[in-house]
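Asks: Sending over a structure as structure tokens; questions will come in a sec.
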Amino acid sequence: DLKLGKKVNEGKTKEVYELPDIPGCVLMQSKDQITAGNAARKDRMEGKAAISNTTTSCVFQLLQEAGIKTAFVRKQSDTAFIAAHCEMIPIEWVCRRIATGSFLKRNPGVKEGYKFYPPKIEMFYKDDANNDPQWSEEQIIEAKFCFAGLTIGQTEVDIMSRSTQAIFETLEKAWQPQNCTLVDLKIEFGVNVLTKEIVLADVIDNDSWRLWPGGDRSQQKDKQSYRDLKEVTPEALQMVKRNFEWVSERVELLLKTKSQGRVVVLMGSSSDLSHCEKIKKACATFGIPCELRVTSAHKGPDETLRIKAEYEGDGIPTVFVAVAGRSNGLGPVMSGNTAYPVVNCPPLSADWGTQDVWSSLRLPSGLSCPTTLSPEAAAQFAAQIFGLNNHLVWAKLRSNLLNTWISLKQADKKLRECSL
């Protein structure tokens, strides 16, 4: 029951409306329309609006929960979602893992199936009259675009390029548990009119990527199945619609994982609780459950091993974090008696830290518990282990890398502007 304002924009497959009651936001309304070749081919496909909206909402939710900045706010209805109002940057960013489609036409001699490591980034200027020509970074910079007061320069181009790769890799990882290969991806960015920052905007639906189940091109489930039609018949459109429905049914699984995991923090004394609470808080940022226990390997070794066995018996993958200071027997005893990973995170004091740390570093042969002094680093170590089989944890790790890089890039730009 949202009150709609004036129509801000209308594209081939969506309409954008102002929302007077929600300042700084717009409604993205999808259409039951499918196009190809800059609308040279255009057909109505009943139900496509709902399919596209479901796909976009799930994808943006996954990326947003991982920590990537997007314009997405919430799904509003079957065919529409609310987004932050952005001034769109007229560049399509394409990220490719596998060479196919237009890339082969522009690069004769490259065989279909050639894989790019790292994935290849390409840019295309949105210009239907000229079939969206490919642009270089230099062309984008020299265009001197300015949106919502932000001039698009080298820093902004670098941020969009690095973000494109991170977004592609996150979605690529998310599709892997379903044995689906993300071949390539097309996205757009905008400048949030309120925050003045670059965010992932527009939509990511089945028009935005190539998706090959089992890595088999003949099983493609994306819009390429529509582009490849020699003749558009009702039966052919139904086949295309079934492909789109196949994707929309499975895209919700991107928000879930079958892989479980937990961190168990063992502290030698309750006096170390504040140190352990930091580990638990950091684990929460990765969506990893964390339990705190008190046990001493020196004063109660039998109880320590009993607690260890308690977590080994239920089949949930576990990383143990040993928090012991003066004479750290906790980490080495755990490492010598479990096949699960153990990491030392001793709460060292300023007075005796240089002496105490050696009990965590100098271990008997046959033990393998690394040592980190930072509670946050201990949680990250556990997240990197779980991220091998859990795409949701991996996505948060990947997003952290991206956001750290962006913050450094922006800090450098700000410092150079101050110097000038």
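The values are calculated or read from the model by the stated rules, or taken from the named source; none is laboratory data. Note that the coordinates shown come from a computational prediction; the quantities given were computed from them, not determined experimentally. In this analysis, Cβ positions are derived from the backbone assuming ideal geometry, glycine residues included, and neighbour counts consider all displayed protein chains. When the accessible area is computed, the model is the full protein with side chains, heavy atoms only, and any ligands, DNA or RNA have been set aside. Shrake-Rupley method; radii C 1.70, N 1.55, O 1.52, S 1.80 Å.
Asks: Identify the residue in the stretch 335-354 that is loosely packed, with under 12 Cβ neighbours inside 10 Å and not small (Gly, Ala, Ser) and, among all such residues, is nearest to His298 (Cα to Cα).
Replies: Filtering the stretch 335-354 for residues that are loosely packed, with under 12 Cβ neighbours inside 10 Å and not small (Gly, Ala, Ser), the one nearest to His298 (Cα to Cα) comes out as Trp352.
Asks: While we're on this one: Yes or no: the stretch 235-250 includes at least one residue that is more than 19 Å from Ala50 (Cα to Cα), open to solvent by 60 Å² or more (accessible area, probe 1.4 Å) and not basic (Lys, Arg).
Replies: yes
Asks: Can you pull out the residues in the stretch 274-299 that are more than 37 Å from the chain's Cα centre (by Cα) and surrounded by 14 or more Cβ atoms within 10 Å (Cβ to Cβ)?
Replies: Thr295, Ser296, Ala297, His298
Asks: Still on this structure, I have one more. If I ask for residues that are in a helix (DSSP H, G or I) and crowded, with 16+ Cβ neighbours inside 10 Å, which ones from the stretch 143-160 would you list?
Replies: Result: Thr155, Glu156, Val157, Ile159, Met160.
Asks: Can you tell me which residue in the stretch 88-131 is nearest to Ala71 (Cα to Cα), limited to those that are buried (at least 17 other Cβ atoms within 10 Å of the Cβ) and among the acidic types (Asp, Glu)?
Replies: The qualifying residue nearest to Ala71 (Cα to Cα) is Glu92.
Asks: While we're looking at this one, here's another question. Considering only the stretch 314-334, state which residues are out of contact with any Phe, Trp or Tyr (no Cβ under 9 Å at 6 or more places or on another chain), buried (at least 18 other Cβ atoms within 10 Å of the Cβ) and small (Gly, Ala, Ser).
Replies: Listed by number, the residues that qualify are Ala322, Ala324, Gly329.
Asks: Which is more than 16 Å from Leu200 (Cα to Cα), assigned to a strand (DSSP E or B), modelled with pLDDT under 95 and open to solvent by 40 Å² or more (accessible area, probe 1.4 Å), of Lys3, Lys42?
Replies: Only one candidate qualifies: Lys42.
Asks: Does Gly315 meet the test of being in contact with a helix residue (DSSP H, G or I) (Cβ under 6 Å, 6 or more places away or on another chain), in a loop (DSSP other than H, G, I, E, B) and not aromatic (Phe, Trp, Tyr)?
Replies: no
Asks: Now for a different question. Filter the stretch 194-212 for residues that are closer than 18 Å to Ile68 by Cα and aliphatic (A, V, I, L, M); which is most open to solvent (accessible area, probe 1.4 Å)?
Replies: Leu194
Asks: Against the definition (buried (at least 22 other Cβ atoms within 10 Å of the Cβ) and either among the β-branched types (Val, Ile, Thr) or over 20 Å from the mean Cα position of the chain (by Cα) (or both)), how does Pro375 come out, yes or no?
Replies: When the stated conditions are applied, Pro375 passes them.
Asks: Next question. Select, from Glu252, Glu277, the only residue that is under 30 Å from Cys86 (Cβ atoms), in a helix (DSSP H, G or I) and in contact (Cβ under 8 Å) with a residue 12 or more places away in the chain.
Replies: Of the residues listed, the single one that is under 30 Å from Cys86 (Cβ atoms), in a helix (DSSP H, G or I) and in contact (Cβ under 8 Å) with a residue 12 or more places away in the chain is Glu252.
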